[in-house]
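Undergrad: Take a look at this one; I'll ask things after.
The values are calculated or read from the model by the stated rules, or taken from the named source; none is laboratory data. Because the structure is a prediction, the values reported are computed rather than measured. A quick note on method: Cβ atoms are made from the backbone with ideal geometry, for glycine too, and the neighbour counts reach across all protein chains shown. The accessibility values were calculated without ligands, DNA or RNA, using every heavy atom of the protein model including side chains. Shrake-Rupley method; radii C 1.70, N 1.55, O 1.52, S 1.80 Å.
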Amino acid sequence: MVRALTDGAIRYEHPLKQYTSFKVGGCADVFAEPSDLFQLQEVLRYGNDSGLNISVLGKGCNILISDNGVRGLVVHLSGKFFNRIEQRNPEVIVGAGGASLPGLICQAARWGLEGLEPLVGVPGSLGGAVAMNAGGKYGTIGSYVTGVTAVGYDGELHHYKRDEINFGYRHSSLSDQIILEVELELKRGNGEAITKRMSDIFQEKSMTQPLNSKSAGCIFKNPEGYSAGALIDKLGLKCMSVGDAVVSGKHANFIINQGSATASQILELIYKIRDEVQKRLGLILDMEIKIW
């Protein structure tokens with residue numbers, strides 16, 4: 001039934017590395033690309049009825065997929081329904097959870113709406129950004145969220161108001177939901193001023209982060225009171241490598257795929273960094289990226 005509903009979108013042993021920013025990883029046992037909410041709910045029911053582990057993939061910017069692939073069902077949010085960005089009144093943008101965050105930021109600027117400029121340079125989908133409360137020193141996405149529509153892994157639809165959502169450091173209470181739509185409250189501003197601020201922030205980040213490299217963003221969360229990147233840099237681990245997996249020379253909390261790195265090489269490098277920090281500084285680094 002699901003195969004018919006999804007117009008042949010169910011695939012088996014489907015390669016995943018093309019969907020990730022690291023460009024590494026094996027195949028999904030079962031792979032689905034539903035085109036709308038109805039098909040997404042049918043795919044989720046299929047996965048649950050079949051006893052499959054279900055993983056949801058957006059823009060693939062905060063994950064490392066094993067070379068051995070992913071067991072169970074991987075649901076990829078693509079297509080117009082999941083990628084739409086709409087303006088429903090002068091102060092609120094509503095975008096589907098799979099919409100590109102960089103694309104949303106640029107569209108908001110074109111509409112003359114300010115607030116999202118601090119997130120320039122943050123890759124990935126809007127849904128993923130909200131689920132992990134993405135951001136940096138200039139602010140986080142959770143500050144602008146006024147409402148969210150999400151679907152549980154059981155296929156049930158939920159609507160949340162801002163006061164029903166908890167946002168923390170690289171975390172939200174929505175992390176176990178599939179975010180479909182996000183309401184953001186922005187302010188009217190001067191288009192030229194918004195674009196100028198975006199440009200300034202992007203240039204600043206470009207000087208200190210490998211924004212154009214194959215990476216998954218920051219690897220580790222910042223321990224309380226510390227910068228993970230500064231700790232790694234302090235130990236002289238910039239440019240440390242395992243195969244083509246290399247600690248960025250620009251920012252020590254980034255690992256880049258310099259060519260044909262494998263997931264196992266990237267993971268080995270992650271563990272080496274974490275072990276060095278714990279052994280020499282007595283601090284434990286928790287991973288910000290997810291390992292599939």
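Undergrad: Of the conditions (1) part of a helix (DSSP H, G or I); (2) touching a helix residue (DSSP H, G or I) at 6+ places or on another chain (Cβ under 7 Å); (3) among the small types (Gly, Ala, Ser), Ser66 satisfies every one except a single condition; which number is it?
TA: Tallying (1) part of a helix (DSSP H, G or I); (2) touching a helix residue (DSSP H, G or I) at 6+ places or on another chain (Cβ under 7 Å); (3) among the small types (Gly, Ala, Ser), Ser66 fails exactly one: (1).
Undergrad: Additional query: Specify which of the listed residues (Leu73, Leu52) is modelled with pLDDT of 95 or more, over 17 Å from Ser264 (Cα atoms), aliphatic (A, V, I, L, M) and surrounded by fewer than 18 Cβ atoms within 10 Å (Cβ to Cβ).
TA: Leu52
Undergrad: Same structure again: What is the one condition in (1) within 21 Å of the chain's Cα centre (by Cα); (2) closer than 20 Å to Pro102 by Cα that Gln203 does not satisfy?
TA: Among (1) within 21 Å of the chain's Cα centre (by Cα); (2) closer than 20 Å to Pro102 by Cα, Gln203 violates only (1).
Undergrad: To continue, here is another question. Looking only at region 76-133, filter to residues that are open to solvent by 10 Å² or more (accessible area, probe 1.4 Å) and aromatic (Phe, Trp, Tyr); which one of those is nearest to Lys161 (Cα to Cα)?
TA: Looking at residues that are open to solvent by 10 Å² or more (accessible area, probe 1.4 Å) and aromatic (Phe, Trp, Tyr), I get Phe81.
Undergrad: Then there is this: Would you call Lys137 open to solvent by 50 Å² or more (accessible area, probe 1.4 Å) and not acidic (Asp, Glu)?
TA: When the stated conditions are applied, Lys137 passes them.
Undergrad: Then there's this: Pairs needed: first member in region 155-167, β-branched (Val, Ile, Thr); second member anywhere, surrounded by 17 or more Cβ atoms within 10 Å (Cβ to Cβ) and not in a loop (DSSP other than H, G, I, E, B); C-beta distance under 8 Å; at least 6 residues apart or different chains.
TA: Final answer for the pair search is Ile165/Gly142; Ile165/Val145; Ile165/Val148; Ile165/Ser172.
Undergrad: Now for a different question. If you check every pair at least six apart or on different chains, which have Cβ atoms under 6 Å apart with a residue in region 14-43 that is charged (D, E, K, R) first and a residue that is assigned to a loop (DSSP other than H, G, I, E, B) and open to solvent by 40 Å² or more (accessible area, probe 1.4 Å) second?
TA: Hits for this filter: Lys17/Lys23; Lys23/Lys214.
Undergrad: Within region 162-173, which residues are exposed (fewer than 13 other Cβ atoms within 10 Å of the Cβ) and outside any helix (DSSP H, G or I)?
TA: Across region 162-173, the qualifying residues are Asn166, Gly168, Tyr169.
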